[in-house]
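Sharing a structure, written as structure tokens. Questions coming.
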Amino acid sequence: MNATSSAPAAPGRIVLLTTSHRVAPGLLSWPAWQALHAADRVLCADAAHPQLPYLREAGIRVDETSPTAEDLVSACADGRTVVVVASGEGEPTLTDGLARLAGSGRVSMPELELLPASYDLPGARLLDLVQVMDRIRAECPWSSQQTHKGLAKYGIEEAYELVEAIEEGDREELREELGDVLLQVVFHARIAEEDEDEPFSIDDVAGGIVAKLIHRHPHVFGDETATTPEEVKEHWLRTKAIEKQRESVTDGIPLGQPGLALAAKLASRVRTAGLEVPLPQGEGLGYELLALAVRAEAEGVDPEAALRVAARAYRDAVRAAEGVSA
């Protein structure tokens with residue numbers, strides 16, 4: 001008895017096409033366009049997906065449907081290829097269903113491929129922060145009423161918390177505090193957009209610092225040469241002096257900063273300028289602290305940081321005397 005056997009049908013292929021909302025719609029990779037044009041069907045559950053108008057403009061038919069895992073496997077029968085244009089969440093329900101089918105062992109599964117069609121560039125998540133801040137400013141009763149002056153104290157607090165995280169060596173805390181400082185920048189820039197006389201945006205802020213960095217690094221972006229940190233600092237100070245056109249080396253030093261930091265900054269400007277300026281003489285601890293701060297700066301020590309280290313040791317001694325564990 002002769003039996004005629006036929007080869008099993010090819011299980012087909014499912015391509016999950018992911019895109020980044022931080023990249024302009026229609027800017028897809030060449031492998032993505034190849035997969036889309038070669039597919040037997042292209043499906044998308046989100047009728048408002050930003051890629052759809054560009055796919056249709058390229059002659060690709062997209063069916064607006066939300067198939068189950070079983071439907072998708074059936075659509076791939078006889079070796080067909082189905083491309084699923086994923087939503088921003090990545091179609092977790094569909095992928096979980098496919099995983100369950102594959103784990104059951106009862107279904108001949110198609111080949112599964114995850115194909116990123118566009119990638120985030122470094123810094124792309126900053127766009128998310130700008131969008132979130134814009135919505136918070138518009139919809140949050142507290143945030144919508146804030147001003148530059150009202151937020152100033154938070155900027156100081158966040159800066160100190162960042163310094164503390166750095167000095168404690170806590171990497172997780174460092175990442176969080178950097179985010180809090182970044183929030184202050186984005187928040188102030190968002191408020192600045194609403195100024196009637198001199199508005200500016202986060203793009204203006206970023207553009208300004210980019211231009212400044214390029215201008216002050218001629219050894220990186222220009223023809224000058226710098227091989228040591230000292231030469232880099234010389235370039236920076238020279239360029240900064242030309243930009244600011246200051247009359248005194250003390251111009252631009254914020255007098256409201258902590259006293260030890262202020263004294264050290266003044267001493268640094270004096271030393272860098274090669275000036276011989278005797279310390280003022282007077283009675284009291286203030287003049288003694290000034291002398292200590294100048295001495296610390298000359299020895300390459302940050303007096304504020306040194307005092308914080310000593311203060312932490314003092315705090316630990318107090319807790320030990322109280323019988324409080326560290």
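Can you confirm whether S118 is among the hydroxyl-bearing types (S, T, Y), part of a helix (DSSP H, G or I) and either modelled with pLDDT of 90 or more or surrounded by fewer than 14 Cβ atoms within 10 Å (Cβ to Cβ) (or both)? Before you say what the answer is, go through the steps one by one.
Values: among the hydroxyl-bearing types (S, T, Y): yes; part of a helix (DSSP H, G or I): no; either modelled with pLDDT of 90 or more or surrounded by fewer than 14 Cβ atoms within 10 Å (Cβ to Cβ) (or both): yes.
Considered against the rule, which asks whether it is among the hydroxyl-bearing types (S, T, Y), part of a helix (DSSP H, G or I) and either modelled with pLDDT of 90 or more or surrounded by fewer than 14 Cβ atoms within 10 Å (Cβ to Cβ) (or both), S118 comes out as no.
Right, another one. Only one of A86, A75, A48 is of a type outside the set (S, T, N, Q), touching a strand residue (DSSP E or B) at 6+ places or on another chain (Cβ under 6 Å) and within 21 Å of R22 (Cα to Cα). Can you tell me which?
Numbers: A75 fails: within 21 Å of R22 (Cα to Cα); A48 fails: touching a strand residue (DSSP E or B) at 6+ places or on another chain (Cβ under 6 Å).
Of the residues listed, the single one that is of a type outside the set (S, T, N, Q), touching a strand residue (DSSP E or B) at 6+ places or on another chain (Cβ under 6 Å) and within 21 Å of R22 (Cα to Cα) is A86.
Moving on to the next point. Would you please list the contacts, defined by Cβ atoms under 7 Å and residues six or more apart or on different chains, that run from a residue in segment 61-75 that is more than 21 Å from P11 (Cα to Cα) and touching a residue at least 12 places away in the same chain (Cβ under 8 Å) to a residue that is surrounded by fewer than 15 Cβ atoms within 10 Å (Cβ to Cβ) and of a type in the set (G, A, S)?
E64/A47
Which is modelled with pLDDT under 90, over 34 Å from the mean Cα position of the chain (by Cα) and either open to solvent by 70 Å² or more (accessible area, probe 1.4 Å) or acidic (D, E) (or both), of D40, D63, D78?
On the way: D40 fails: modelled with pLDDT under 90; D63 fails: modelled with pLDDT under 90.
Step by step, each of D40, D63, D78 is checked, and only D78 is modelled with pLDDT under 90, over 34 Å from the mean Cα position of the chain (by Cα) and either open to solvent by 70 Å² or more (accessible area, probe 1.4 Å) or acidic (D, E) (or both).
Still on this structure, please answer the following. Scan segment 99-115 and tell me whether some residue there is in contact with a Lys or Arg (Cβ under 6 Å, 6 or more places away or on another chain) and within 30 Å of I60 (Cα to Cα).
Restricting attention to segment 99-115, the residues satisfying the condition of being in contact with a Lys or Arg (Cβ under 6 Å, 6 or more places away or on another chain) are 110-111.
Of the ones still in play, those that are also within 30 Å of I60 (Cα to Cα) are 110-111.
Within segment 99-115 (the criterion being in contact with a Lys or Arg (Cβ under 6 Å, 6 or more places away or on another chain) and within 30 Å of I60 (Cα to Cα)), the answer is yes, since at least one residue qualifies.
Please tell me if E297 is at pLDDT below 95, assigned to a loop (DSSP other than H, G, I, E, B) and either open to solvent by less than 60 Å² (accessible area, probe 1.4 Å) or charged (D, E, K, R) (or both).
Values: at pLDDT below 95: yes; assigned to a loop (DSSP other than H, G, I, E, B): no; either open to solvent by less than 60 Å² (accessible area, probe 1.4 Å) or charged (D, E, K, R) (or both): yes.
No: the conditions fail for E297.
Can you tell me which residue in segment 225-240 is farthest from L289 (Cα to Cα), limited to those that are surrounded by 14 or more Cβ atoms within 10 Å (Cβ to Cβ) and without any contact (Cβ under 8 Å) to a residue 24 or more places away in the chain? Give the steps one after another, and end with the answer.
Our first condition is that a residue be surrounded by 14 or more Cβ atoms within 10 Å (Cβ to Cβ); within segment 225-240, this holds for 226, 232, 235-237, 239-240.
Subset that is without any contact (Cβ under 8 Å) to a residue 24 or more places away in the chain: 226, 232, 235-236.
Details: A226: 36, V232: 31, H235: 32, W236: 30 Å.
In this case the residue turns out to be A226.
The values are calculated or read from the model by the stated rules, or taken from the named source; none is laboratory data. Keep in mind it's a predicted model, so treat the numbers as computed, not measured. Neighbour counts are summed over all protein chains in view; Cβ atoms, including those assigned to glycine, are modelled from backbone coordinates with ideal geometry. Surface accessibility is based on the protein's heavy atoms, side chains included, excluding ligands, DNA and RNA. Shrake-Rupley method; radii C 1.70, N 1.55, O 1.52, S 1.80 Å.
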